[in-house]
Amino acid sequence: MKRLILAIVPLLFALAALGARAELTIEITQGMDNPTAIAVVPFAWQGPGTAPEDIAWVVDSDLARSGQFSPVSRSDMLGRPSTQNDIFYRDWRAIESEYLLIGRVSAQGTQMRIEYELYDVLRQKQAHKGVEVGSVNEARMLSHRVSDAIYQKLTGIRGAFATRLLYVSVTRVPGGKDYYRLTLADSDGARPIVLLESREPVMAPGWSPDGTQISYVSFESGRPAIYRQNLSTGAREQLTNFKGLNGAPAWSPDGNTMAMVLSKDGSPDIYLMNLMTKKLTRITRHYAIDTEPTWMPDGRSLMFTSDRGGRPQIYRYDLRTGTTERVTFEGGYNARARVAQDGRNVVLVHQQNGQFHIALLDLVTNRLQVLTSTQLDESPSIAPNGSMVLYGTKHAGRGILAAVSVDGGVKFRLPSRDGDVREPAWSPYMSR
Amino acid sequence: MANMSKLLVASGLVLVTGPLSLQVPAQDYVDVEAERRGRTTPSEPAAAAPGTTATDPYARPSEPYSAPASTDPYSVQPSQAYPATSYGLNNAPAGAAIAAPPVAAPAPASGGGQSMGTLYIQMQQLQQEVMRLNGIVEEQANEVRKLKSQSLERYVDLDKRVSAMGAGAVVASGDGSSSSAVPGPSAASATGQASEIPGEGDAYRGAYSLVRSQQFEQAVGAFQQFLRNYPDGKYAPNAHYWLGELYLVIDPSDLEASRQAFTLLLNQYPDNPKAPDAMYKLGKVQFLKGNREKSKEYLDRVISKYGSTNSSAVQLSRDFLAENF
């Protein structure tokens, strides 16, 4: 009966979605109280024809999405300078823009070159300048690098715009088997590429620490198995095929080991696999469910979820001493932890008043702060610079991705045009 | 037709596990059992059709969507350990699906397996009971850890004040109602804005001795009299602070008078060493008055304003926030 109802509801968009790509669009729902005003002037195109990408617009959107900037609307701009000589600071003071970003784009063959300059309007001085060179096909990624540089210059924090996301989308097929897609997209949801499409579930995507490989669980063989895949070559390797559960793969910070959950010896426990020798080490041994392992950035301990205390809570396993200690004490449900690169902030799913929210646990002060006001939040993933948390939630009855800053001040949604989207995994910094 | 059989299986499980709970008298045990069932029953359909249905290992009963939409490996495990057909209306408990080691897996088909099944169920119950107790032990160990570090802080604070008293300063100590620091010698030395008026010290000590002997009503009168006689005295801020405290401990307490006393202290002597404590107390008073918003405002302000100092009010505010917000 339940299946029948569920089959009818998604009928419309499921039909529309078949064959379409699950592109994400962004809606900012909450920004900072006092964002920095910056004017991102359209960059001058110095190549033949029209520019392949509106670089300035990508930068503009990145900065707006961070919540820490309020870009000036293009229609308010009193001029469109592209070189220092063309700048009339009073034009920008008049519209209360604190900073001004201008740039020029040129192309030669398949290569493009972006030159940009940042000006402090009040001091009437150049604050930063830079050049990005790369393939025309990578115009958006080059634009995100410009955003990264501006963000770092003005906030002091490394930008995480030139990173990528993995997520799983499910398209319901009425009366038939659903489609599961594993998609790779830019950090703004643009340029989605379907890496894997299956009629069987795909889940738990994750990244190698250098961002060149991904891992996931696929049921394509009829039962769960862990795979890893090289993003540039597409080469794929099945790592596990054990009886029972094979799940929640998590790459160690040095990239040599993968933590995973297997139930081949009974109840689900955490195992480590040496990726060279494929040798397994079992690190938890409990009849309770031990799952969702995640590494501390120093690689010396792992966090995981266990209900060995009767309710799911986060525990920490020290690889050197072999001891396990409980980490979360607030509330009756804390699960699926992810640790920021600082090794201090942990994001997790926390139940409060019967609803599932994303919360931030500070390992130093042991303070737990609920970040989201949405319900049924799942799978938090933290940006490599620790500034934003991406998570899955429900909006208007559909699974979407949403993001919140670690201080809870900035929120935005990345709704997909079709299907249910879940399990986002934010990449590490990408090497060039 | 497959759906139908799934329903049968699911309802059979409910029927079977229902009476099991009845064997257990303790109410909280039944709850655990019910949770366990809530967690595992949704995964039963997955046993019949692996991959099409799944749930979170820690099922979220409130998630209407999770059953068919989300997929999770945990649900599949039972499908391999326990084929749905051998599971059905026999004795295997629903809770067995996940936690059981495979050795115990074969569900008794009928008759002869009955005692095995009973043993198995008992083991399940014991495991769940141990898990529940384990959780309580972990939580209490954490409480003890917290209390230990707090009592150390209090000891250090007290020690500081006692040694200061030994140095000859007039110090109020032994704060009965709370652990917050009490007016210390620094009240005078730090502000340096008032010097002792002859007779003032005796009057203050007289009023304070009433606090120590727990004659709170009389102490209120004495401090009020003190403030009439020495409104700008060296110990006036301390007197305001004590009045604020005393209005809370007298019976019936006077929240509004307490609020006024602390507010007065904050407004007139913002740099007084008692200011953080007064602010914390205002947070508490507002909480007692039912103004959660205002209470939180004061507590947050203590943390943001004095977070970098070693004022005990900061930790107290944090604890209070953690406990009540």
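Considering only DSSP beta bridges where both residues belong to region A:35-155, give the percentage that are antiparallel (nearest 5).
Around 70 percent antiparallel, to the nearest 5.
Summing -39500 (n - 2.57) over the DSSP H runs of n ≥ 4 in chain A and dividing by its residue number, what mean residue ellipticity at 222 nm do you reach, to the nearest 500 deg cm²/dmol?
Roughly -3500 deg cm²/dmol at 222 nm, from the helical runs in chain A.
So how do A:250-257, B:227-234 stack up, highest first, on mean other-Cβ count within 10 Å?
The packing order, highest mean first, is A:250-257, B:227-234.
Could the peptides A:142-149, A:260-267 be put in order, highest first, of the mean number of other beta-carbon atoms found within 10 Å of their residues?
Details: A:142-149: 25.1, A:260-267: 22.9.
Packing order, densest peptide first, comes out as A:142-149, A:260-267.
What nm value, rounded to one decimal, do you get for the distance between B:Ser213 and A:Gln355 when each label is placed 7 Å out toward the C-beta?
5.6
Given a Förster distance of 45 Å, report the FRET efficiency between A:Ser73 and B:Asp319 from their Cβ-Cβ distance, rounded to the nearest 0.05.
My answer for the efficiency is 0.45.
How far apart, in nm, are two points set 7 Å out from the Cα along the Cα-to-Cβ line at A:Thr50 and at B:Glu297?
Result: 5.4 nm between the two label points.
Return the Cα extents of region A:389-432 along principal axes one, two and three, sorted largest first, each rounded to a whole Å.
Principal-axis extents of the Cα atoms in region A:389-432, largest first: 37, 26, 14 Å.
What are the aspartates and glutamates whose alpha-carbon lies under 20 Å from the alpha-carbon of A:Lys394, with same-chain residues fewer than 8 places away excluded?
Hits, sequence-local ones excluded: A:Glu23, A:Glu27, A:Asp178, A:Asp188, A:Asp377, A:Glu378, A:Asp418, A:Asp420, A:Glu423, B:Asp56, B:Glu63, B:Asp72.
Mind checking which lysines have their Cα closer than 16 Å to the Cα of A:Lys177? Skip sequence neighbours fewer than 8 apart in that chain.
Straight-distance partners of A:Lys177: A:Lys2.
Using θ = phi - 60° and the Karplus curve 6.51 cos²θ - 1.76 cosθ + 1.60, what whole-Hz ³J(HN,Hα) does each residue of region A:73-87 get, with Gly and Pro shown as x?
With coefficients 6.51, -1.76 and 1.60, one gets 5, 4, 6, 8, 6, 8, x, 10, x, 10, 9, 4, 5, 7, 7 Hz.
Does region A:35-155 classify as rounded, prolate or oblate by the C-alpha gyration tensor (a ≥ b ≥ c root eigenvalues; a/c under 1.5 gives rounded; else a/b over b/c gives prolate, otherwise oblate)?
prolate
Take every residue in peptide A:283-290, count the Cβ atoms of other chains within 10 Å of its Cβ, and give the average of those counts.
Averaged over the peptide's residues, the number is 4.
Each residue of region A:387-392 in order: what ³J(HN,Hα) in whole Hz does its phi give by Karplus 6.51 cos²θ - 1.76 cosθ + 1.60, θ = phi - 60°, with x for Gly and Pro?
Couplings: 8, 10, 10, 9, 8, x Hz.
With the Cα gyration tensor of chain A giving a ≥ b ≥ c as the square roots of its eigenvalues, does the rule (a/c under 1.5 for rounded; else a/b larger than b/c for prolate; else oblate) give rounded, prolate or oblate?
Here chain A falls in the prolate category.
So who's got an amide H within less than 5 Å of the one on A:Gly159, skipping anything under 5 residues away but keeping other chains? H placed 1.01 Å off N, in plane.
Counting only residues 5 or more places away or on other chains, the set is A:Gln152.
With r as the distance between the Cβ atoms of A:Lys125 and A:Glu96 and R0 = 25 Å, compute the FRET efficiency 1/(1 + (r/R0)^6) and round to 0.05.
Details: r = 18 Å, r/R0 = 0.71.
Plugging the Cβ-Cβ distance into 1/(1 + (r/R0)^6) gives 0.90.
Quick one: which of B:Lys281/B:Lys305; A:Lys125/A:Lys153; B:Lys146/B:Lys281; B:Lys146/B:Lys274 span more than 18 angstrom between C-alpha atoms?
Values: B:Lys281/B:Lys305 15 Å; A:Lys125/A:Lys153 14 Å; B:Lys146/B:Lys281 21 Å; B:Lys146/B:Lys274 25 Å.
Those over the limit are B:Lys146/B:Lys281; B:Lys146/B:Lys274.
Once phi is turned into θ = phi - 60°, what whole-Hz ³J(HN,Hα) does the Karplus curve with 6.51, -1.76 and 1.60 give for every residue of region A:246-252, x standing for Gly and Pro?
Karplus-based 3J(HN,Hα) across region A:246-252 equals 10, x, 6, x, 9, 6, 6 Hz.
Using amide H atoms built 1.01 Å from N in the peptide plane, name the residues 5+ places from A:Val327, or on other chains, whose amide H lies under 5 Å from its own.
Amide H neighbours of A:Val327: A:Ile314, A:Tyr315, A:Arg316.
If r is the Cβ-Cβ distance from A:Gln375 to B:Ile250 and R0 is 41 Å, what FRET efficiency results, to the nearest 0.05?
E between A:Gln375 and B:Ile250, to the nearest 0.05, is 0.35.
Describe numerically, in nm with one decimal, the distance between label points set 7 Å from Cα along Cα→Cβ at B:Thr118 and at B:Val130.
Modelled inter-label distance: 2.2 nm.
Return one number: the angle in degrees, 0 to 90 and rounded to the nearest 10, between the long axis of the Cα atoms of helix A:55-66 and the longest principal axis of the Cα atoms of chain A.
Long axis of A:55-66 versus the principal axis of chain A: about 50 degrees.
Taking a temperature of 20 °C and a viscosity of 1.002 mPa s, what whole-number D in µm²/s does Stokes-Einstein yield for region B:243-308 with Rh from Kirkwood over alpha carbon pairs?
Numbers: Rh = 11.7 Å.
Stokes-Einstein gives a translational diffusion coefficient of 183 µm²/s.
If you take each beta carbon of peptide B:266-274 and count the beta carbons of other chains within 10 angstrom, what is the mean?
Details: counts 0, 0, 0, 0, 0, 0, 0, 0, 0.
Whole-number average of other-chain Cβ neighbours for B:266-274 is 0.
With a ≥ b ≥ c the root eigenvalues of the C-alpha gyration tensor of region A:98-257, is it rounded (a/c under 1.5), prolate (a/b larger than b/c) or oblate?
Working: a/c = 2.70, a/b = 2.34, b/c = 1.15.
Cα axes put region A:98-257 in the prolate bin.
Calculate the mean, over all residues of peptide B:123-129, of how many other protein chain Cβ atoms lie within 10 angstrom of the residue's Cβ. Numbers along the way, then the final one.
Working: counts 1, 1, 0, 0, 5, 4, 1.
Partner-chain Cβ atoms within 10 Å, mean over residues of B:123-129: 2.
Values quoted throughout were computed directly from the atomic coordinates according to the rules given, and no laboratory measurement underlies them. Remember, predicted model here, so these are calculated numbers, not experimental data. Don't worry about glycine lacking a Cβ; one is built from the backbone with ideal geometry, like all the others, and counts go over all protein chains shown.
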